[in-house]
Amino acid sequence: MISRSGIFSMIVIMCTINGILSPWLVIAFQVVPILMPELFPRTVGWSLFFSSIFIATGTMFVSGIVPALYERFFPAVREGTAPMWIWLTAATLLSLPALESLDKLF
């Protein structure tokens with residue numbers, strides 16, 4: 001049986017893959033220079049880095065809505081791994097376009 005921290009690691013990996021290979025990266029690349037802190041130079045490399053983080057974080061937040069609602073409606077399952085599996089499933093569904101482009105790389 002996989003622990004909650006192991007499932008969370010899989011969620012983070014899935015969100016990272018989506019952040020790197022997402023087709024929405026083009027749109028995020030145009031928005032992120034406005035949101036970047038002034039500490040970092042506005043180069044292509046830093047913009048791609050922050051765009052990737054922006055997409056990965058958004059994937060993690062949006063995919064966490066479904067398990068949060070599940071825990072809200074069924075409070076007895078909060079200590080189990082069912083909400084974590086739901087979170088991983090939601091993150092995987094949001095990452096399907098990125099996973100298709102991953103298939104094209106190999």
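Descriptive notes on the structure:
- Taken as a whole, the structure leaves residue 29 outside the set of residues that are in contact with a helix residue (DSSP H, G or I) (Cβ under 9 Å, 6 or more places away or on another chain), assigned to a helix (DSSP H, G or I) and surrounded by 19 or more Cβ atoms within 10 Å (Cβ to Cβ).
- Any hit, segment 35-44, residues being assigned to a helix (DSSP H, G or I) and surrounded by 16 or more Cβ atoms within 10 Å (Cβ to Cβ): no
- Where a residue in segment 25-40 is on the phi < 0 side of the Ramachandran plot and its partner, wherever it lies, is in a helix (DSSP H, G or I) and surrounded by fewer than 17 Cβ atoms within 10 Å (Cβ to Cβ), with Cβ under 6 Å and at least six apart: 40/46
- Residue selected from segment 63-81 under the condition surrounded by 14 or more Cβ atoms within 10 Å (Cβ to Cβ) and either closer than 15 Å to residue 2 by Cβ or of a type in the set (A, V, I, L, M, F, W, C) (or both), by the criterion modelled with the highest pLDDT: 66
- Members of segment 1-26 found to be surrounded by fewer than 13 Cβ atoms within 10 Å (Cβ to Cβ) and within 18 Å of residue 46 (Cβ to Cβ), listed by number: 26
The values are calculated or read from the model by the stated rules, or taken from the named source; none is laboratory data. Quick caveat, the model's predicted, so the values are computed rather than measured. Because the Cβ atoms are built from the backbone with ideal geometry, glycine has one as well, and the counts that use them run over all protein chains shown.
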